[in-house]
Amino acid sequence: MLKKVITYTALFILGFCFLLPFVIMILGSFKDVEFAQLDPLFWIPDEPTLKNYLYIMRDGLFVRWILNSVIITIIPVASQMIFCAVLGYIFAKKQFPGREAIFWTFMAVIMIPQQLLIIPKFIMFSDFGWINTYWALIVPELWGIMGVFLVRQFLQNIPNDLEEAAYIDGANDIQIFMKVILPLSVPVVATVGTFSFISNWNDLFQPLIYLTQEKMFPVTLGLASMLGKEGNFGIEMAGSTVSFIPTFLIFLFFQRYFTEGIQMSGLK
């Protein structure tokens, strides 16, 4: 009994610590206050107001930032789900010379810290004329080796008998992929899409390097710049809440597939 009480108490404290920042963000967005105050409960609104939300929605730049985030997120998510499914299938089920060497060479790339590549990338994108454009943020994210790894691990658990039965029935490789493999891969492909969405939507580092024009900022970089200019606590919390909603809804919608995909791909 005592062990259960200690366990539940510890879980409650941990849960409270994780949720508190979100509670402060959401409640603070309804409070008309300009600066954070010494009172630890200053963020609780005495008279809840939508003034902060109306301010950011009337600000043309904030709406533009949301649109920019949608563009630099949706295109990489769609392309990663397609490319990772195809490449994961090839590396899991097809036999060709150098298959393992090619796959693990790709995997080695993720061992290099992205910060080390940022200057070469900046020089290259500058030569291409991609600075202050969507291309610098979209093209490098069109496919991701971690997504290929997840799909490959998932498909290795699917018996080869299904493929062989389809071959006997006269199906070709494309038909097998579209009608047999892809329907079975929905959980892991949804997981790849969820990871990609959260990563691209919340990315601050790369936009900070490649973008200098305010109208091209995604919402993460826009909120950071707004903090420097406005410094208004309520407006910042309202902007953060609006920015948080898409990632929350995506995770909520794909939660069932996300859990199943992680389990079947062997990751813990």
**OP:** Only one of these is acidic (Asp, Glu), under 30 Å from ILE245 (Cβ atoms), modelled with pLDDT under 90 and in contact with a helix residue (DSSP H, G or I) (Cβ under 9 Å, 6 or more places away or on another chain): GLU141, GLU100. Name it.
**Re:** GLU141
Subject >> Single condition GLN115 does not satisfy, out of (1) of a type outside the set (A, V, I, L, M); (2) open to solvent by less than 90 Å² (accessible area, probe 1.4 Å); (3) within 20 Å of LEU221 (Cβ to Cβ) >> reply: (2)
Original post:
Filter the range 74-129 for residues that are in contact (Cβ under 8 Å) with a residue 12 or more places away in the chain and of a type in the set (Val, Ile, Thr); which is farthest from LEU208 (Cα to Cα)?
Top reply: VAL86
**OP:** Give me the pairs, please: first residue somewhere in the range 221-235 and acidic (Asp, Glu), second residue anywhere and modelled with pLDDT of 80 or more and open to solvent by less than 50 Å² (accessible area, probe 1.4 Å), beta-carbon distance under 9 Å, and either six or more positions apart or on two chains.
**Re:** GLU230/GLU236
Original post:
Among all residue pairs at least 6 apart or on different chains, which show Cβ distances below 7 Å where the first residue, located in the range 139-153, is closer than 12 Å to PHE195 by Cα and the second is open to solvent by less than 40 Å² (accessible area, probe 1.4 Å) and in a loop (DSSP other than H, G, I, E, B)?
Top reply: LEU150/SER265
Subject >> Residues of the range 69-112 that turn out to be within 22 Å of ILE176 (Cα to Cα), within 17 Å of the chain's Cα centre (by Cα), open to solvent by less than 70 Å² (accessible area, probe 1.4 Å) and not polar (S, T, N, Q), as a count >> reply: 3
**OP:** Return a yes/no flag: does the range 167-177 have any residue that is under 16 Å from TYR89 (Cβ atoms), in contact (Cβ under 8 Å) with a residue 60 or more places away in the chain and under 22 Å from the mean Cα position of the chain (by Cα).
**Re:** no
Original post:
Quick one: what pairs do we get from the range 2-25, first residue touching a residue at least 24 places away in the same chain (Cβ under 8 Å), second surrounded by 10 or more Cβ atoms within 10 Å (Cβ to Cβ) and small (Gly, Ala, Ser), C-beta under 8 Å, 6+ apart or different chains?
Top reply: MET25/SER240
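Might you let me know whether the range 21-29 holds any residue that is assigned to a loop (DSSP other than H, G, I, E, B) and modelled with pLDDT under 80?
No, the range 21-29 contains no residue that is assigned to a loop (DSSP other than H, G, I, E, B) and modelled with pLDDT under 80.
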Original post:
In the set ILE66, ILE123, which member is among the aliphatic types (A, V, I, L, M), modelled with pLDDT of 90 or more and open to solvent by 50 Å² or more (accessible area, probe 1.4 Å)?
Top reply: ILE123
**OP:** Report, by residue number, each residue of the range 123-145 that is over 16 Å from THR73 (Cβ atoms), assigned to a helix (DSSP H, G or I) and not acidic (Asp, Glu).
**Re:** ILE123, MET124, PHE125, SER126, PHE128, ILE145
Original post:
If you go through the range 53-60 one residue at a time, do you hit one that is among the aromatic types (Phe, Trp, Tyr), open to solvent by 70 Å² or more (accessible area, probe 1.4 Å), under 30 Å from LEU221 (Cβ atoms) and in a helix (DSSP H, G or I)?
Top reply: yes
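Return the only residue of PRO76, PRO120 being out of contact with any Pro (no Cβ under 7 Å at 6 or more places or on another chain) and farther than 30 Å from LEU184 by Cβ.
PRO120
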**OP:** Sort out which residues of the range 241-255 are open to solvent by 30 Å² or more (accessible area, probe 1.4 Å) and either under 18 Å from TYR53 (Cβ atoms) or not hydrophobic (A, V, I, L, M, F, W, C) (or both), and write them in order of number.
**Re:** PHE244, ILE245, PRO246, PHE248, LEU249, GLN255
Original post:
Within the group PHE154, PHE177, PHE195, which residue is among the hydrophobic types (A, V, I, L, M, F, W, C), touching a Pro at 6+ places or on another chain (Cβ under 9 Å) and in a helix (DSSP H, G or I)?
Top reply: PHE154
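The values are calculated or read from the model by the stated rules, or taken from the named source; none is laboratory data. These numbers come from a predicted model, not from an experiment. A quick note on method: Cβ atoms are made from the backbone with ideal geometry, for glycine too, and the neighbour counts reach across all protein chains shown. In case anyone asks, the SASA skips ligands and DNA or RNA and just uses the protein heavy atoms, side chains included. Shrake-Rupley method; radii C 1.70, N 1.55, O 1.52, S 1.80 Å.
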